[in-house]
Amino acid sequence: MDATSLSHLFMQAPVAVCIVSGANYKVELVNERMLQFLGRTPDIIGQPIEQTLTEAKKQGLISILDNVRQTGKPYYVSNFPAVILINDVRETKYFSLIFKPYFLKPGDKEPGAIFCVAHNITEQVLTLQKLEEEKQRTSLALEVGELGLLTTDWKDNFVNADKRANEIFGFADTHSLDDYINRIHPEDRLERKAAIKEAMGTGNFDFEVRLLFDD
């Protein structure tokens, strides 16, 4: 495979890739996917990384490159947050990054270049953050409102209830689904069944019942 074919293969790689060289990490090659991630144009080729990514040093990118160049060992990092200036707007993006040293000659003590591979995982990270925020809000609402949380495994006839839910039902620990149902007043059990049927169609599960307790 000649140099032109190799360059074309590099540019068409399905992941974001660039190659930097020297102590100032001059950009030697960068493919289109990496340019899209960074919000940059091919004009960055031939420039030191700090000139095109002005926040690179502050965000720790230069320290990572220094580590790879000085140790000659690859470096991997997940969920790396990077504030990137795109169209005059600073955006926070998250990447999984791989940095691999490239030695020009066998026996070289220091790599002549470093391969940088990036996977943009911003969407996944933001989704997880949103789920965690929802979890924290739910936990706070339950705590403030002295509410209990009870989830049901219909297949195995098993209930997972927190401490407050068990207190409401008068249990010291978690019981079977039948035990919880038997706590419901017989006249209100039909209302529970109707609520379950409605939930199957609408996704909304809401009903009120009276509970019975042992004397």
- [ ] Quick one: compute the contact order of the stretch 47-125, relative version, from alpha carbon pairs under 8 angstrom and 6+ residues apart, as a percent.
- [x] 25
Task: Partner lysines for Lys105 [C-alpha distance under 22 Å; skip if fewer than 8 residues away on the same chain] - done: Lys26, Lys73
- [ ] Compute the distance in nm between two label points, each set 7 Å from the Cα along the Cα-to-Cβ direction, one at Glu32 and one at Lys130.
- [x] 2.9
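Since every read-out is calculated from the coordinates, none of them should be taken as a lab result. Since this is a predicted model, take the numbers as computed values, not measurements. Glycine also receives a Cβ, built like all others from the backbone with ideal geometry; neighbour counts cover every protein chain displayed.
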